[in-house]
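The values are calculated or read from the model by the stated rules, or taken from the named source; none is laboratory data. In this text the structure is predicted, and so the values were computed from the model without any measurement. Cβ placement follows ideal geometry from the backbone for every residue including glycine, while neighbour counts extend to all protein chains displayed.
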Amino acid sequence: MTSTTIPSRNKMRIAQQFSRAANTYNSAADVQLDIAFDALTYLPSHYKNGLDIGCGTGRISQRLSNRCDRLVAMDLAFGMLQYAQQNEVVADPSICWLQGDADSLPLADDSVDMLFSSMVLQWADNQQKVMAEINRVMSSGATAILAIMCDGSFKQLNDSWLNIDSERHVNNFATAQSWCDAAKQQGLQVNMYEKQYVTWHQGIKPLLASIKSIGANVVLTSQNSTATNSTFSRSQSGFNRKKLQHLETYYQQQYAKNMQLPLTYQVCFLHCSK
Ligand SMILES: C[S@@+](CC[C@H](N)C(=O)[O-])C[C@H]1O[C@@H](n2cnc3c(N)ncnc32)[C@H](O)[C@@H]1O
């Protein structure tokens with residue numbers, strides 16, 4: 001496994017949470033699997049050099065490697081890469097596992113003809129920067145399929161928290177249109193599709209646990225200040241059992257159906273060509 005330097009404190013915190021979740025990720029990440037499978041349907045051909053940005057536990061990388069001669073499976077979280085390598089059903093010599101950051105891809109210009117990323121780029125620092133990097137590593141004629149969590153995601157959770165206190169408990173998600181615009185501004189041709197996915201939970205605790213057990217319980221508070229979501233960390237100020245009860249009551253009153261609480265994932269799929 002190759003490794004590059006992880007740049008900022010924000011990135012280190014994201015990497016740490018996802019690394020910690022590596023062992024629980026696959027059993028908790030059903031909706032992420034559905035989304036990645038939907039993204040794969042936009043990828044019909046066979047390619048020479050592929051890149052999977054934010055490969056996580058490598059579930060999708062193994063499928064992508066069937067469609068490429070060589071695949072770089074990259075992730076910010078070392079723990080995810082370790083899990084991926086240790087749990088490969090059969091060691092695949094066509095996959096190179098690489099630690100790296102989507103905002104600063106450790107690959108040469110014009111080096112991939114297929115780029116795939118599912119449920120990752122919402123963690124990037126900057127839409128323009130990450131799209132410039134994607135464009136830079138794509139060769140002429142290359143295809144990129146990007147599935148990104150966008151505005152509207154976790155809206156029930158965010159609205160419910162807003163009713164409880166004034167702290168930020170849920171990350172802001174950029175709009176689908178702004179992702180599309182950023183890709184176009186960097187010179188890519190883009191077709192965009194949007195789809196909504198809803199998961200259902202028996203209560204607020206399992207709902208919050210579904211986010212924590214995949215490692216996504218990091219709230220980005222400013223460029224260089226990241227906190228574990230106070231929803232999950234009892235040591236954070238402002239969190240207590242009473243607040244959680246209020247949160248659950250409000251969530252149930254506003255959104256429950258058949259005693260189940262919904263959580264929305266709003267996803268944009270960008271089909272990009274260079
Ligand atoms: C929700 S998981 C998705 C994993 C996989 N793509 C899937 O669909 O199952 C998000 C992954 O993105 C990685 N990640 C987050 N920010 C990243 C960044 N800036 N560069 C590369 N990977 C990143 C995390 O470590 C995590 O493994």
So, first residue within 20 Å of Asp75 (Cβ to Cβ) in region 36-52, second residue of a type in the set (D, E, K, R) and surrounded by fewer than 19 Cβ atoms within 10 Å (Cβ to Cβ), Cβ within less than 6 Å, six or more apart or across chains; the pairs are Asn49/Arg70
Conditions (1) more than 15 Å from the chain's Cα centre (by Cα); (2) of a type outside the set (A, V, I, L, M); (3) more than 10 Å from the ligand (Cβ to nearest atom) -> Arg13 fails only (1)
Going through region 40-61 in order, the residues found to be more than 7 Å from the ligand (Cβ to nearest atom) and surrounded by fewer than 22 Cβ atoms within 10 Å (Cβ to Cβ) are Leu40, Thr41, Tyr42, Leu43, Pro44, Ser45, His46, Tyr47, Lys48, Asn49
Considering region 93-107, residues that are of a type in the set (A, V, I, L, M), touching a helix residue (DSSP H, G or I) at 6+ places or on another chain (Cβ under 7 Å) and more than 8 Å from the ligand (Cβ to nearest atom), and then whichever is nearest to Cys268 (Cα to Cα), we arrive at Leu105
Tell me yes or no: at least one residue of region 138-149 is in contact (Cβ under 8 Å) with a residue 40 or more places away in the chain, not in a strand (DSSP E or B) and not β-branched (Val, Ile, Thr). no
Inset, instruction - Would you confirm whether any residue within region 37-57 is at pLDDT below 95, over 21 Å from Leu107 (Cα atoms) and among the charged types (D, E, K, R)? - result: no
Those helices (runs of 4 or more DSSP H) completely within region 169-274 that have 2 or more residues that are at pLDDT 90 or above, of a type in the set (Phe, Trp, Tyr) and over 22 Å from Asp38 (Cβ atoms) are 241-255
Exercise for review: Could you tell me whether any residue of region 153-173 is farther than 30 Å from Gln260 by Cβ, away from the ligand (no atom under 14 Å from the Cβ) and among the basic types (Lys, Arg)?
Suggested key: no
Scanning region 16-32 for residues that are in contact with a Ser or Thr (Cβ under 9 Å, 6 or more places away or on another chain) and near the ligand (Cβ under 9 Å from one of its atoms), the one nearest to Asp125 (Cα to Cα) turns out to be Gln17
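Condition check ((1) under 23 Å from Glu194 (Cβ atoms); (2) over 17 Å from the mean Cα position of the chain (by Cα)) across all residues:
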site: Cys55; (1), (2): no, no
site: Arg59; (1), (2): no, no
site: Arg67; (1), (2): no, yes
site: Arg70; (1), (2): no, yes
site: Cys96; (1), (2): no, yes
site: Ser104; (1), (2): no, no
site: Met131; (1), (2): yes, no
site: Gly141; (1), (2): no, yes
Of the listed residues (Asp75, Asp125, Asp92), the one being at pLDDT below 95 and under 25 Å from Tyr197 (Cα atoms) is Asp125
